[in-house]
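Report on the structure given below.
Read the figures in this text as sums done on the coordinates, not as results from a lab. Everything numeric in this text was worked out from a predicted model, so none of it was measured. Neighbour counts run over all protein chains shown; Cβ positions are idealised from the backbone, glycine included.
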Amino acid sequence: MDKLIITAALTGGIHGKEANPALPEQPDEIIREALRCYEAGAAVVHLHARDGAGKGVADARIFAEMNQGIRARCDIIIQNTTGGPGLPINERITSLDAGPEMASLNMGSVVFFHQGKELPFINLRLEIEAFAKAMLERGIKPEMEVYNPSMFGEIENLIKQGLLAAPYYINFVMGVGGMGGYPGTLKNLAIMIDHLPRGSVFNVSGIGRAQLPMNTMAVLSGGHARTGLEDCVNYRKGEPAKSNAQLVERIVRLARELGREVATAGEARAILGMKR
Ligand code: ZN
């Protein structure tokens with residue numbers, strides 16, 4: 001097995017400090033938290049931008065500020081989101097203007113259920129192709145977010161259109177509570193692995209209580225692991241996480257106990273075929 005790439009998803013675009021006050025929202029908090037996660041063993045940091053009031057936005061200037069601040073302090077791989085439910089697609093693509101090494105690429109549509117409301121998150125095929133093309137042209141590695149097995153059809157489409165460079169980096173987002181979500185179980189994880197196109201590297205996120213079991217199964221199955229307060233605000237049931245770094249530290253400990261070494265940012269670039 002390759003060394004384990006740990007991604008820290010610090011903030012997200014849906015819940016904020018009301019869910020956990022440790023969730024970083026402003027650029028200075030996010031930069032500090034990225035550095036702490038890097039020091040704890042994360043090789044990749046996944047970023048969302050928030051405005052001054054903490055609301056999710058797609059603002060190229062905020063992404064640039066965060067990207068520059070992190071880059072000045074460490075060599076962690078910066079992955080800007082191109083997601084964000086409720087944000088217009090033409091705004092979501094501006095996170096690429098900050099020049100990240102990597103960006104998320106959502107491979108289909110889901111509806112999140114959040115605080116009694118339905119949050120549609122629509123990604124049409126033509127939009128996915130436009131994102132992939134923009135990333136390919138700029139040399140940005142896509143991390144493809146796959147929420148259920150039907151979305152592998154969109155990866156096949158991108159491969160057929162010549163819009164992806166191997167190795168394909170695919171993140172399984174397991175346990176989304178909403179339409180199009182796929183429960184985070186061992187059997188479902190095995191089904192997702194079964195669908196991987198040849199030449200793929202996979203990463204596993206689990207939402208809410210699926211986070212820890214999905215991360216652990218990823219460590220054992222040769223995948224990589226994404227943790228952080230975007231995906232789960234608790235360390236364990238009834239106990240809020242103190243920080244993103246605390247969650248990263250747990251995965252590092254688990255991986256070491258299970259005999260899997262943790263990749264540095266440089267080693268992660270080599271695994272993913274990225275040049276800095
Ligand atoms: Zn995200």
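Averaging Cα coordinates gives a centre for the range 63-92 and one for the range 115-160; these two points are 17 Å apart. Listed by Cβ neighbour count within 10 Å, with the fewest neighbours leading, 138, 276 appear as 276, 138. Each residue of the range 78-197 gets 105 Å³ once the volume of the Cα convex hull is shared out per residue. Bridgeable lysines around residue 133 (alpha carbons under 26 Å apart, same-chain partners fewer than 8 residues away excluded): 141, 160, 275. Taking GluC sites (Glu not before Pro) as candidate sites, keep only those in a DSSP loop with at most 13 other Cβ atoms within 10 Å, then name the longest stretch of the chain containing none of them. Excluding the exposed sites themselves, the longest stretch runs over 19-260.
For every helix of n ≥ 4 consecutive DSSP H residues, a contribution of -39,500 (n - 2.57) applies; sum these over the chain, divide by its total residues, and give [θ] at 222 nm rounded to the nearest 500 deg cm²/dmol. Mind dumping the intermediate values first?
Numbers: 9 runs with 94 residues, N = 276.
After summing the helix terms and dividing by residue count, I get -10000 deg cm²/dmol.
Kindly identify the chain as rounded, prolate or oblate by the Cα gyration tensor criterion: order the square roots of the eigenvalues as a ≥ b ≥ c, call it rounded if a/c is under 1.5, otherwise compare a/b with b/c, prolate if a/b is larger, else oblate. Taking the square roots of the gyration eigenvalues as a ≥ b ≥ c, the chain is rounded.
The GNM of the chain, with springs linking C-alpha atoms under 10 angstrom apart, assigns the highest mean-square fluctuation among 234, 157, 80 to 157.
As a proxy for reagent exposure, ranking 74, 37 by other Cβ atoms within 10 Å from fewest up yields 74, 37.
Between the alpha-carbon centres of the range 256-276 and the range 190-215 there is a gap of 17 Å. Lysines within cross-link reach of residue 55: Cα-Cα under 21 Å, excluding same-chain residues under 8 positions apart? In chain and number order, the partners are 17, 117. DSSP beta bridges fully contained in the chain are about 25 percent antiparallel. Rg and Dmax over the alpha-carbon atoms of the range 37-111 stand at 12.5, 37 Å. For residue 138 and residue 17, a Förster radius of 41 Å and the Cβ-Cβ distance give a FRET efficiency of 0.80, rounded to the nearest 0.05.
Computed over the chain with a Gaussian network model linking Cα atoms closer than 10 Å, the most mobile of 36, 253, 209 is 253.
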